Every structure is written in C-alpha cells, then in structure tokens.
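One structure is given here, and the rest of the page talks about it.
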Amino acid sequence: MNETITPASDWNARLSEERPAPTDGKRQRPRRTVKQTIRHHTPVLAFYGALKLIGFASFMWLLDSAGNYRTRNPRFGGGAHPWDVLATWDGWWYQQIAVHGYHPELVRIPGATGMITLEGNSAAFFPLYPALIRLASELTGLGSYGAGLLVSVLASFAAALGIYAVATQLLDSRAGLAAAGLWAVWPGSGVEWAVYSDSLFVALAAWACHAVLTRRWLTAGLLTCAAGLNRPTAAALIAAVAVAALLALRDRRDGVLRPLAAMAVAPLGLLAYLGWVGHRMGDYGGYFKLQSGAWAHKWDYGSQTLDVLTSIPVGKTTYLFAWPFADLIGVCVVLLGLALLPLLLRLRPPAVLIVYTVLTVALVLGSQQIFSNVSRYLLPLFPLFLPLAAALRRLSLAHQFTLLGIAALASGSYAGYALFELGVP
C-alpha cells in the first residue's frame, strides 16, 4: 500500500488558500444549498444504512434462532423479544438515568471483600446520552427504550457522515464511502443501533477531528467538550485537540485566540462531570472509586490485557472475567488494531488523528476490565479505517458493497451476538 496522505503542514497551507477571506462582517454565502447537501450526503447514508441493516437483521435472526434471551434476566441480555436485548446491560442504566436522574453515592456491600466491594451506581455513566434520551422521549412521546434507539440510530448516521468527511478530506470521496461502510461492520458495531452511547461519542469525535482538520477551532472545542459529557475516553480526544492547537500556535497560523479557546473549552465537559460526581459523593476521586469498586474497571498498566493475550492462544481461561468466544474476538480486534496502526502512521495523517488513536488504544489496553468489552471500547478508532479505505477505494462501488456486505452479514455474530449474548458489552 503506497498511498500517502498529504502531510499536516501541506494540508494547513492548502486549506488556508481555499478559505475565503472575511467580508467585513457580512454573512458569507454557503458553499452548498440544502438540496446540494442532501444530494451529496445521500449516497453515504444509503451505503452505511444498507450495510448496517444487513448486520442488524443478521443479529436479530441469530438472537431469535438461539432463543437464549428468553431465559436470561431482562437486565442482562434477556427479554420477551429479540430486540429487547438492545436495551440490556448498560442500556438498562441509561434508561434509569433518563427516567429517574442521578443519585451519586459510594455504598459498600456488607461483608464484601475482593474486587467488587461497592454497589453499582448510575454515576458511572456519563450524562449526555441519557439527557438526549429524555429529550427525545419528551419530543416524540416514545418511551425510554424507543427514544434511546432513536438517538443511537441518528447518531450512528451522523458518525458515518463524520467518518466520511474525515476520510474524504484526507483521501477522496471513494475512500470516504469505504470508511463509512467500515464503520457499519467493524467489531463492536452491534452497539451502534442499541441503547448505548457509543454512536454518539464517535459522531462527536469524528466531527471534532474534522473541525480541527478544517481549522474551525471553536467548533472542535465545543464538540470535544460535548464528548467529555458522554464518555471518559474523551480524554484522548481532548489531548488530541490540545496537541493540534499547540502545533497551530507554534506554526503561527489561525492567530492565538481561536486555538487557545479550543484548548480551554475542550476539557470542560469531562472535568465538570467528574467534579460534580465527586462533589455529590463527598470524594473528588469518587467516580474512579466507583468504577474500580463496583465494576473492577481500573488502570493496571496493561497487566490484564497481557494476561488475556497470552492465555487465549493456548486455550487457557483462568484470567479475570473470562468469556472465551467474545474474548477471542477481542484478541483479534486488538491484533487488528495493532497491525493497522503502523499503516495509519505510514499515511502521515495530521497529529490530531495520531494522538487520538494512540491514546485511545493506550487507555483501553492499559485498563483492567471485562475483556469482552474491548471490541466495543475500540470501536471509536475510526482513523484506523483510513489504510483499509485507501485500499478499498480502488474497487468499484459494487465490489465495495459486495465485500462489505459479506462482512455485514457476519457482523451479526462477531459484532452483535458475541457482544450481547456471549460476553458482557
């Protein structure tokens, strides 16, 4: 693969030339009309939607065929219908927050010893997604389940457009279409159309990165701030925007105020939520104590990841929180990500994508957690789609859809069923 992305410095120079000069405060004419915008984005939405629908139908068929959901707890992968599974596990917590709000506290389990010593609490889940569920419910009259699915589905399409925009910016529209298609079939993509916050986070992250690439600093800062209200791994995005802003200041482009504003605004969402939870708990480290004591999710410098990576290949399941089939998929995802990372670096993408990708990988693999979650936690790594998109753009649209369509059919198992029914998402 010998495609290269234009270096960041060249991108900045080119974008500077393309950007129209200010017009004395007068509103600039939009580049596209609404009709042109719809015509431009419809193929991307149709391509992603068709692939996602194939994977979703496959997932529902597998659930119905196996029937295991009928005997499971409705909170943990069960329900009366196959689609009820989409609102279980974390989805149950998000619905509780949307309906009842937060009550942050650290409550010890009487007599508990070992890793799990605290009762689960909704404060472990960030507020933006459940707030949108509540808003959607009030606007549409849907219950928390329907409103949650609506928010997730719409956010998944917004994410597809954001990924398309980034790939198109750095390669071309054919690669952008392939990247949007990869978002539909990637391991962990079963949560894109479920009551989960992942689609919303990826939408915010992709558009924040695109805003940096197009030098819309305040937009990048605001989107990153919103991402910080959605998932704690927004820390990687915050750092990426900060590094990009510092490079802009070093190179003396875009002035001083706008990059500094992006740096100042970007971390506010994450810090505000962590600070609020800590204040309500009476312990400013309360969020991290809750994650560790109730979910055994903590920073361990990659010790558990290494344990799983050395256990699965030799058939051992003595590691922490073993879910063999889902964990095998997780190992494959980790290896795929590590293989694609040097190919991404070879393309010489702008710093915002490199920092975001590397830090996301480090945050996920450096943490102790239920390893079957890894394919979902690595789902936000859309920059890794770029090397594959660069190769796929050589194919005709029909061949692209055929290849990704086969992956979509298989994704019902590796990206959906394995996550919800054979592991813990």
What angle do you read, to the nearest 10 degrees and between 0 and 90, between the alpha-carbon axis of helix 173-185 and the longest principal axis of the chain?
-> 10 degrees
Roughly how tilted is helix 90-100, in degrees to the nearest 10 and between 0 and 90, from the longest Cα axis of the chain?
-> 90 degrees
Using a Gaussian network model of the chain whose springs link C-alpha atoms within less than 10 Å, name the residue from Trp93, Trp183, Trp299 with the highest mean-square fluctuation.
-> Trp299
Ignoring ligands, DNA and RNA, what percent of the accessible area of the chain is carbon or sulfur (1.4 Å)?
-> 65 percent
Name the trypsin sites (Lys or Arg not before Pro) in segment 353-425 that are in a loop by DSSP and that have at most 15 other C-beta atoms within 10 Å, would you?
-> Arg394
Among Ser372, Ser137, Ser311, which one moves the most in a GNM of the chain with springs linking Cα atoms closer than 10 Å?
-> Ser311
Extension length gain for Leu403 and Ala235 (0.36 nm per residue less Cα distance), in nm, is 57.0 nm
Tell me, how many Å apart are the Cα centres for segment 411-425 and for segment 217-274?
-> 34 Å
Rounded to whole Hz, the Karplus (6.51, -1.76, 1.60) HN-Hα couplings of segment 219-225, x for glycine and proline = 4, 4, x, 5, 5, 5, 4
Please list the non-local residues whose amide H lies under 5 Å from the amide H of Ser367, H modeled 1.01 Å from N, same-chain partners needing a gap of 5 or more.
-> Asp300, Gly302
Roughly speaking, what is the centre-to-centre gap between segment 100-144 and segment 351-389 when only Cα atoms are used, to the nearest Å?
-> 25 Å
Going through segment 277-333, which trypsin sites (Lys or Arg not before Pro) have at most 14 other Cβ atoms within 10 Å and a DSSP loop state?
-> Lys316
What is the P(r) of segment 202-280, as percent of Cα-Cα pairs per 10 Å bin from 0?
-> 23, 51, 21, 5, 0
When the dipole is taken about the Cα centre of the chain, and only Lys, Arg (+1) and Asp, Glu (-1) are charged at their Cβ, what size is it in debye, to the nearest 20?
-> 1220 debye
If a/c stays under 1.5 just call it rounded; otherwise compare a/b with b/c (prolate if a/b is bigger, oblate if not). Do that for segment 150-298, with a ≥ b ≥ c from the square roots of the Cα gyration tensor eigenvalues.
-> oblate
When segment 284-425 is reduced to its Cα atoms, the Kirkwood hydrodynamic radius in Å | 16.6 Å
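Could you provide, to the nearest whole Å², the per residue accessible area of the chain with probe 1.4 Å?
Numbers: 18670 Å² over 425 residues.
Solvent-accessible surface per residue comes out at 44 Å².
The values are calculated or read from the model by the stated rules, or taken from the named source; none is laboratory data. Because the structure is predicted, anything quoted here is derived from the model rather than measured. All Cβ positions, even for glycine, are placed from backbone atoms using ideal geometry, and neighbour counts span all protein chains on display. We work out accessible area using only protein heavy atoms, side chains counted, and drop any ligands, DNA or RNA first. Shrake-Rupley method; radii C 1.70, N 1.55, O 1.52, S 1.80 Å.
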